[in-house]
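Okay, structure first, notes after.
The values are calculated or read from the model by the stated rules, or taken from the named source; none is laboratory data. Keep in mind it's a predicted model, so treat the numbers as computed, not measured. Surface accessibility is based on the protein's heavy atoms, side chains included, excluding ligands, DNA and RNA. Shrake-Rupley method; radii C 1.70, N 1.55, O 1.52, S 1.80 Å.
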Amino acid sequence: MNTTPQRRYLRRYITIDKLSHRRHHIKDFNTLIKILYPRRESINKYGYLLQNTSFTDRQKSLILQTAHSLVMINELYRDQDKYGRLYTTNEDMTNAMYLLQNELDLQAQECMLAPSVRWFYKELQYYPKATFTVGDISRYLIKNKSTVYRYLLELTDREMVSRIGTKGQAHVYQINQ
């Protein structure tokens with residue numbers, strides 16, 4: 001009798017591909033912030049730096065909207081002028097570009113990685129075999145498996161490493177070229 005309710009309970013959950021839905025979540029996030037703070041404004045002194053980049057106008061506006069939304073969320077930690085407008089910080093712009101890296105086609109650039117993940121990715125490139133498991137890399141780098149798995153999960157989300165199969169119960173990965 002106890003197995004039937006558990007089965008019904010497990011059927012409710014579905015898996016959603018994170019990469020294909022991330023763009024919609026960010027647009028929804030920006031819309032929610034506009035609804036919550038309809039009259040609040042921010043001053044972005046970094047907006048002129050975007051003019052010299054190769055991003056399209058749509059991408060530039062998406063970066064600025066996301067940075068504005070991040071400023072609104074962190075309003076207690078942002079300076080404001082005498083009219084109540086909040087100042088955008090470098091952190092807001094960096095976080096906006098980090099959130100939008102798939103839409104901006106930045107997923108293959110190592111510069112967007114955290115320093116520890118960047119180090120891990122460089123070490124993966126020196127690994128002598130083309131395919132590897134978490135256990136192989138943990139022995140190679142003398143790191144525990146949970147740390148290696150966390151780094152591999154981050155690189156898989158950024159499409160820099162892909163999972164190509166299984167070897168026993170272990171997942172097999174390879175670096176994308």
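Shown are Arg39, Arg58, whose ranking by accessible area with a 1.4 Å probe and every protein chain present, most to least, is Arg39, Arg58. Straight Cα distances below 20 angstrom link Lys122 to the lysines Lys143, Lys145, with same-chain residues fewer than 8 positions distant left out.
Projected onto planes of every orientation and averaged, the convex hull of the alpha-carbon atoms in the stretch 116-162 covers 2.9 nm².
Could you tell me the relative contact order of the stretch 135-177? Use alpha-carbon pairs under 8 Å, at least six residues apart, and round to a whole percent. Let's see the in-between values first.
Values: 34 pairs, mean separation 10.2, N = 43.
It rounds to 24 percent for the stretch 135-177.
Ile164 contributes about 90 Å² of solvent-accessible surface, heavy atoms of the protein only, 1.4 Å probe.
Largest accessible area first, the listed residues Arg158, Arg85 line up as Arg85, Arg158 when surface is computed with a 1.4 Å probe on the assembled protein chains.
Straight-distance candidates among the lysines for linking to Lys45, with alpha-carbon spacing under 16 Å and chain neighbours fewer than 8 residues away dropped: Lys60.
Averaged over its residues, the stretch 56-168 has an accessible area of 57 Å² per residue, based on protein heavy atoms and a 1.4 Å probe. Measuring only protein heavy atoms, the 1.4 Å probe finds Lys27 accessible over about 90 Å². By the Stokes-Einstein formula, at 0.692 mPa s and 37 °C, the stretch 26-177 with its Kirkwood radius over alpha-carbon pairs has D equal to 184 µm²/s.
Using a 1.4 Å probe on the protein heavy atoms, what percent of the accessible area of the stretch 93-177 belongs to carbon and sulfur?
On the way: 2530 of 4930 Å².
That fraction is 51 percent.
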